[in-house]
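K.L.:
Handing you a structure now.
The values are calculated or read from the model by the stated rules, or taken from the named source; none is laboratory data. All values reported here derive from a predicted model rather than from experimental measurement. Cβ coordinates were reconstructed from backbone atoms using ideal geometry, including for glycine residues, and neighbour counts include every protein chain displayed. Just the protein is used for accessible areas: all its heavy atoms, side chains included, with ligands, DNA and RNA removed. Shrake-Rupley method; radii C 1.70, N 1.55, O 1.52, S 1.80 Å.
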Amino acid sequence: GNTIGSEFFSFTPGNPDPVTGAPEGGTFTPATKFVPGKAYFVRVLAPEGLTLLFSPSSSNRPGNFGSMRGRSSWTMRVGLKGGDEETEVRIGEARGASRGLDEQFDSPLPPSVGVGLQGQVFDHGRLFRDMRQWGRAETFKVRFDSLIPGELYRVRFTMFESGIDRYTVKDPEAGKTRKYTQAGSYTFRATS
């Protein structure tokens with residue numbers, strides 16, 4: 001909301017280097033719970049900082065829009081998996097959201113930490129979540145970085161909150177267009 005961003009992220013190491021065995025970068029993925037001893041990235045929006053207090057709650061479901069209860073909206077997960085790596089972004093529409101960067105609805109990605117597989121919605125900077133104004137036709141530009149040439153990848157489209165009954169996916173590199181209703185997937189082999 002007003003103090004922190006709408007997501008918190010954990011770091012997942014990338015594939016190991018064949019010579020050293022050390023991970024070559026990694027990706028930030030949305031976290032749904034805090035695990036002791038693991039590091040997380042939380043965007044702080046309050047200039048004076050903040051203190052996080054933890055207490056168990058059965059009514060809080062991380063990853064849902066606490067600020068969007070009672071509003072009309074749709075949210076889709078666009079996830080990419082290839083080899084042992086995966087990443088995701090979220091797109092959608094909500095009442096009260098705008099086309100520009102809005103800290104109440106959108107989530108910029110954490111700072112880059114190497115060359116690991118990473119997805120981003122990039123119309124308004126590097127975003128993990130891009131929510132637009134409810135009820136308008138929109139085009140979301142999603143890009144996946146650090147693909148391995150020759151690797152087979154699958155993009156999965158999963159509705160979190162339903163609100164649309166069809167959408168079109170265009171792959172400009174392959175020159176392909178596909179129409180979907182609700183969930184779907186698209187498979188491709190990376191060329192670069």
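K.L.:
Can you work out the accessible area per residue across segment 94-192, with the rest of the protein chains kept in place, probe 1.4 Å, in square angstrom?
P.N.:
Per-residue value: 58 Å².
K.L.:
Next up: Ordering SER112, SER98, SER10 by accessible area with a probe of 1.4 Å, largest first, what comes out?
P.N.:
Greatest to least solvent exposure: SER112, SER98, SER10.
K.L.:
Leaving ligands, DNA and RNA out of it, rank TRP134, TRP74 by accessible area with a 1.4 Å probe, largest first.
P.N.:
From most exposed to least exposed: TRP134, TRP74.
K.L.:
Could you work out the relative contact order of the chain, using alpha carbon pairs under 8 angstrom and six or more residues apart, expressed as a whole percent?
P.N.:
21
K.L.:
Same structure, new question: Tell me which lysines have Cα within less than 17 Å of LYS176's Cα, excluding those fewer than 8 residues away on the same chain?
P.N.:
LYS141
K.L.:
I need the phi-derived Karplus couplings for segment 121-138: 6.51 cos²θ - 1.76 cosθ + 1.60, θ = phi - 60°, integer Hz, Gly and Pro marked x.
P.N.:
Using θ = phi - 60°, the values come out as 9, 10, 6, 10, x, 7, 10, 7, 10, 10, 9, 10, 5, 4, x, 10, 6, 9 Hz.
K.L.:
What size of dipole, in debye to the nearest 20, comes out for the chain about its Cα centre when the only charges are +1 on Lys and Arg C-beta atoms and -1 on Asp and Glu C-beta atoms?
P.N.:
Roughly 720 debye, rounded to the nearest 20.
K.L.:
Heads up, I need the accessible area for PHE144: 1.4 angstrom probe, whole protein in place, Å², nearest 10.
P.N.:
Accessible area, nearest 10 Å²: 40 Å².
K.L.:
May I ask which residue of PHE28, PHE41, THR181 lies farthest towards the positive end of the charge dipole of the chain, with charges of +1 (Lys, Arg) and -1 (Asp, Glu) on Cβ and the Cα centre as origin?
P.N.:
THR181
K.L.:
Okay, next question. Report the extension gain between THR191 and LEU53 in nm, rounded to one decimal, defined as 0.36 nm multiplied by the number of residues separating them, less their alpha carbon distance.
P.N.:
Full extension from THR191 to LEU53 adds 45.1 nm.
K.L.:
Roughly how many nanometres apart are two label points built 7 Å out from the Cα toward the Cβ at ARG136 and TYR180?
P.N.:
Inter-label distance under the simple model: 2.3 nm.
K.L.:
Accessible area, 1.4 Å probe, largest first: how do LEU147, LEU117, LEU152 sort?
P.N.:
The residues order as LEU152, LEU147, LEU117, largest area first.
K.L.:
Collect residues whose amide H, placed 1.01 Å from N in the peptide plane, falls under 5 Å from the amide H of SER72; neighbours closer than 5 in sequence don't count.
P.N.:
Result for SER72 returns ARG95.
K.L.:
Subtract the Cα-Cα distance of VAL35 and ASP165 from 0.36 nm times their separation in residues, and report this length gain in nm to one decimal.
P.N.:
That works out to 43.1 nm of additional length.
K.L.:
Starting from the Cα of ASP17, step 7 Å along the direction of its Cβ; do the same at HIS124; then give the gap between the two resulting points in nm.
P.N.:
In this crude spin-label approximation the distance works out to 3.8 nm.
K.L.:
Once you compute Rg and the Kirkwood Rh from C-alpha atoms, what is the Rg to Rh ratio for segment 91-174?
P.N.:
With Rh from the inverse mean 1/r over Cα pairs, Rg/Rh is 0.97.
K.L.:
Here is a follow-up. Kindly provide the pair-distance distribution of the chain built from C-alpha pairs, with 5 Å bins from 0 and whole-percent values in order of increasing distance.
P.N.:
Spelled out per bin, shortest first, that is 1, 7, 14, 19, 19, 16, 12, 7, 3, 1, 0.
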